[in-house]
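Visitor: Can you read through this structure? Questions will come right after.
The values are calculated or read from the model by the stated rules, or taken from the named source; none is laboratory data. Computed from a predicted structure; not experimentally measured. For neighbour counting, all protein chains shown are included, and Cβ atoms are generated from backbone atoms with ideal geometry for every residue, glycine included. We work out accessible area using only protein heavy atoms, side chains counted, and drop any ligands, DNA or RNA first. Shrake-Rupley method; radii C 1.70, N 1.55, O 1.52, S 1.80 Å.
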Amino acid sequence: MNRQRWTLLSDPWRTQLWPVPSLCVALAVMLGVVLPRLDARLDDKLPDSVTAYLFSGGPEAARTVLSAVAGSLITVTSLTFSLTVVTLQLASSQFSPRLLRTFNRDRVVHVSLGLLLATFTYALTVLRTVRASLSGQAAFVPQISVTVAFLLALVCVLTLVVFLAHLSRQIRVEWIMRRVHAETDATIRRVLHHDTTAAITATAAPPTAPEHAVLLCADGSGFLNAIDERTLLAAAVDNQAVVLVDRLPGDSLVAGTPIARAWPVDGSSVLPESKRAALATCVHRAVWTGFERTAAQDVAFGLRQLVDVVVKALSPGVNDPTTAVHGLGHIAVLMCELAGRNLGSRLLCDADGHIRLVLRRPGFAELLELAVSQPRRYGAADPVVLSRLATMLREVAWSAVGTAQHAAVAGHLERLVDTVTHQNFDTDDNELLRNDIQRVRHALVGRWQQDGSAP
């Protein structure tokens, strides 16, 4: 199984809070059943050097210890859940609702909740095996099991300390943006191939669908999360067809609306009904939809999250331009990385080198539009934000490859100039922005003007 397919299959599980705690609880029940039985076999045979480190109290003391562990841990678990919910609410209201996936997939939260619930469950399971001396029945205290419960309680105390420290870091906006940046960078490296040539252009132009191309429709509504390339390519080859998917990962789909077109590989006739049905079935199987966007194949999703943080920081209710500037720094790094990648439509060929599958992907101009337009619009009244936008365009212009990418940067530069022109800034701010804009023009022609020097 290749890396992309594994990412698609595992992503829904990694963003859920319940799988790891549920697994931990199941293991705790098994351990709570097996260990007392082991105790019944070994307790009388253990040497004194070992029993000296085991629980040595009677049935009442064992019940007290296990009850204290179970009672305290369910309280701590409730506190942990409450703090997690508060963190999710803060991230949703203060930064962006689309950041909740970052918190939900946090392994520290998963393991902490799992360990706390598992220790509580284990203590209750062992508690049922402790018995006092009755007529015809000897007392039984599972020494190993109670000792393990005590050790697990100590581990849970340390886990709570680690969880609180992790949570205090997790709600910092710098950490949030770094996590989104890292996830987006991983998606870029997984989905896009680095271009080793001097130009970011496909080796062949994407084919244009003929008028008689048949439409292939979605069978479910939601966001287009991923496309199984291998399945679609194999179906196109088997049915002697060319398939063009004209919807992007991250697009919102409506069941019954077209998402792809198909036509015979020779382009001279209409696909037979049997092949249409086969391709339609394949599209239904190969297109993965969901009711939230994911970063599995959606390169623009990370940019969307960072832009949301920037826009939220620029809102009157938050008014935090420093966070906006930091967010633009992360966006600039990602855009410079994207400038060196093969963007635009992905063309997949058969064994003979004929194009059989065309997957639409965002181009550099679309991604730059996403990265720049809203921050420029909502930060138009702040010269610091506009200055950072100009600096970002300068950095992207320096990293851009090819005429098309430079033209996209130049277009946004002119829109930034127009925004600055319509603001009522003082002389110093206008001079600062004029210098920043001039440095972008120099970067577009391959010159890096020294900061602080006259342009």
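Visitor: Pull up segment 89-99, narrow it to residues that are in a helix (DSSP H, G or I) and open to solvent by less than 40 Å² (accessible area, probe 1.4 Å), then point me to the one that is nearest to Thr184 (Cα to Cα).
Guide: Leu99
Visitor: Considering only residues that are of a type in the set (A, V, I, L, M) and out of contact with any Ser or Thr (no Cβ under 7 Å at 6 or more places or on another chain), which ones fall in segment 84-114?
Guide: Selection gives Val85, Val86, Leu88, Leu90, Ala91, Leu99, Val108, Val111.
Visitor: Looking at segment 314-326, can you tell me whether even one residue there is under 21 Å from the mean Cα position of the chain (by Cα), open to solvent by less than 40 Å² (accessible area, probe 1.4 Å) and closer than 17 Å to Gln94 by Cα?
Guide: Checking segment 314-326: at least one residue is under 21 Å from the mean Cα position of the chain (by Cα), open to solvent by less than 40 Å² (accessible area, probe 1.4 Å) and closer than 17 Å to Gln94 by Cα.
Visitor: Another question, if that's okay. If a residue must be touching a residue at least 60 places away in the same chain (Cβ under 8 Å), in a helix (DSSP H, G or I) and open to solvent by 30 Å² or more (accessible area, probe 1.4 Å), how many such residues does segment 167-185 contain? Spell out the reasoning first.
Guide: Here is the first cut: in segment 167-185, the residues touching a residue at least 60 places away in the same chain (Cβ under 8 Å) are 167, 170-171, 173-174, 176-181, 183-185.
After this cut, where a residue has to be in a helix (DSSP H, G or I) as well, the list is 167, 170, 173-174, 176-181, 183-185.
Subsequent filtering for residues that are open to solvent by 30 Å² or more (accessible area, probe 1.4 Å) retains 174, 178-179, 181, 183, 185.
Matching residues across segment 167-185 total 6.
Visitor: In segment 152-166, how many are in contact (Cβ under 8 Å) with a residue 40 or more places away in the chain and either farther than 30 Å from Thr102 by Cβ or outside any helix (DSSP H, G or I) (or both)?
Guide: Qualifying residue count, segment 152-166: 1.
Visitor: Pull up segment 42-63, narrow it to residues that are of a type in the set (S, T, N, Q) and surrounded by 12 or more Cβ atoms within 10 Å (Cβ to Cβ), then point me to the one that is farthest from Pro142 (Cα to Cα).
Guide: Filtering first and then ranking leaves Thr51.
Visitor: Another one. Consider Val358 carefully, then state whether it is crowded, with 18+ Cβ neighbours inside 10 Å, of a type in the set (Val, Ile, Thr) and touching a Gly at 6+ places or on another chain (Cβ under 6 Å). I'd like the intermediate steps shown before the answer.
Guide: Values: crowded, with 18+ Cβ neighbours inside 10 Å: yes; of a type in the set (Val, Ile, Thr): yes; touching a Gly at 6+ places or on another chain (Cβ under 6 Å): no.
Taking the combined requirement at face value, the residue does not satisfy it.
Visitor: Can you say whether Trp263 is within 23 Å of the chain's Cα centre (by Cα) and in a strand (DSSP E or B), as far as the supplied structure shows?
Guide: Spelling it out, it is not the case that Trp263 is within 23 Å of the chain's Cα centre (by Cα) and in a strand (DSSP E or B).
Visitor: What helices (runs of 4 or more DSSP H), lying completely within segment 374-455, carry at least 2 residues that are more than 33 Å from the chain's Cα centre (by Cα), buried (at least 17 other Cβ atoms within 10 Å of the Cβ) and touching a residue at least 40 places away in the same chain (Cβ under 8 Å)? Give the steps one after another, and end with the answer.
Guide: On the way: elements: 383-399, 403-421, 427-444.
Output list reads 427-444.
Visitor: Counting only residues that are among the aliphatic types (A, V, I, L, M), farther than 18 Å from Val310 by Cα and in contact with a helix residue (DSSP H, G or I) (Cβ under 7 Å, 6 or more places away or on another chain), how many does segment 66-106 have?
Guide: Going residue by residue through segment 66-106, those that are among the aliphatic types (A, V, I, L, M) are 66, 68-70, 73-74, 76, 79, 83, 85-86, 88, 90-91, 99-100.
This time we only want the ones that are farther than 18 Å from Val310 by Cα, so: 66, 68-70, 73-74, 76, 79, 83, 85-86, 88.
Then drop every residue that is not in contact with a helix residue (DSSP H, G or I) (Cβ under 7 Å, 6 or more places away or on another chain), which leaves 66, 69-70, 73-74, 76, 83, 88.
Result for segment 66-106: 8.
Visitor: Please name all residue pairs, on different chains or six or more residues apart, with Cβ atoms under 6 Å, provided the first residue is in segment 221-243 and is under 25 Å from Ser269 (Cβ atoms) and the second residue is of a type in the set (Gly, Ala, Ser).
Guide: Every condition considered, the pairs that remain are Thr231/Ala286; Leu232/Ala286; Asn239/Ala278; Ala241/Ala262; Val243/Ala236; Val243/Ala260; Val243/Ala262.
Visitor: Could you please find all residues in segment 100-151 being in a helix (DSSP H, G or I), polar (S, T, N, Q) and open to solvent by 30 Å² or more (accessible area, probe 1.4 Å)?
Guide: Here is the first cut: in segment 100-151, the ones in a helix (DSSP H, G or I) are 100-104, 107-127, 143-151.
Still in the list and also polar (S, T, N, Q): 102, 104, 112, 119, 121, 125, 143, 145, 147.
Listed by number, the residues that qualify are Asn104, Gln143.
Visitor: Sort out which residues of segment 154-186 are of a type in the set (S, T, N, Q), modelled with pLDDT of 90 or more and within 24 Å of Thr323 (Cα to Cα), and write them in order of number.
Guide: Thr184
Visitor: Another question about this same structure. In segment 247-283, which residues are modelled with pLDDT of 95 or more, buried (at least 20 other Cβ atoms within 10 Å of the Cβ) and among the β-branched types (Val, Ile, Thr)?
Guide: Of everything in segment 247-283, just one residue is modelled with pLDDT of 95 or more, buried (at least 20 other Cβ atoms within 10 Å of the Cβ) and among the β-branched types (Val, Ile, Thr), namely Ile259.
Visitor: Which of the numbered conditions does Asp350 fail, given that it passes all the others? Conditions: (1) open to solvent by less than 20 Å² (accessible area, probe 1.4 Å); (2) modelled with pLDDT under 95.
Guide: All conditions are met except number (1).
Visitor: Consider only pairs whose beta carbons are under 8 Å apart and that are at least six residues apart or on different chains; among these, list those whose first residue lies in segment 269-280 and is of a type in the set (Lys, Arg) and whose second residue is assigned to a loop (DSSP other than H, G, I, E, B).
Guide: Correct list of pairs: Lys275/Asn239; Lys275/Gln240.
Visitor: Now a separate question. Looking at Gly340, is it in contact with a strand residue (DSSP E or B) (Cβ under 7 Å, 6 or more places away or on another chain), surrounded by fewer than 22 Cβ atoms within 10 Å (Cβ to Cβ), in contact (Cβ under 8 Å) with a residue 40 or more places away in the chain and of a type in the set (Gly, Ala, Ser)?
Guide: For Gly340, the condition - in contact with a strand residue (DSSP E or B) (Cβ under 7 Å, 6 or more places away or on another chain), surrounded by fewer than 22 Cβ atoms within 10 Å (Cβ to Cβ), in contact (Cβ under 8 Å) with a residue 40 or more places away in the chain and of a type in the set (Gly, Ala, Ser) - is met.
Visitor: Taking Leu73 as the residue in question, decide whether it is at pLDDT below 90, assigned to a helix (DSSP H, G or I) and either within 16 Å of Phe150 (Cα to Cα) or touching a Phe, Trp or Tyr at 6+ places or on another chain (Cβ under 6 Å) (or both).
Guide: No, not satisfied.
Visitor: Would you point out the residue of segment 233-246, among those that are at pLDDT below 95 and closer than 18 Å to Val191 by Cα, that is farthest from the chain's Cα centre (by Cα)?
Guide: Out of the qualifying residues, it is Leu233.
Visitor: Which of (1) open to solvent by 40 Å² or more (accessible area, probe 1.4 Å); (2) assigned to a helix (DSSP H, G or I) is the odd one out, the single condition Ala371 does not satisfy?
Guide: (1)
Visitor: Restrict the check to segment 189-202 and report whether at least one residue is part of a helix (DSSP H, G or I) and either surrounded by fewer than 19 Cβ atoms within 10 Å (Cβ to Cβ) or at pLDDT 90 or above (or both).
Guide: Scanning segment 189-202 turns up at least one residue that is part of a helix (DSSP H, G or I) and either surrounded by fewer than 19 Cβ atoms within 10 Å (Cβ to Cβ) or at pLDDT 90 or above (or both).
Visitor: Which one of these is surrounded by 15 or more Cβ atoms within 10 Å (Cβ to Cβ), closer than 14 Å to Phe120 by Cβ and small (Gly, Ala, Ser): Ser72, Ser78, Ser67?
Guide: Selected residue: Ser72, the only one of Ser72, Ser78, Ser67 that is surrounded by 15 or more Cβ atoms within 10 Å (Cβ to Cβ), closer than 14 Å to Phe120 by Cβ and small (Gly, Ala, Ser).
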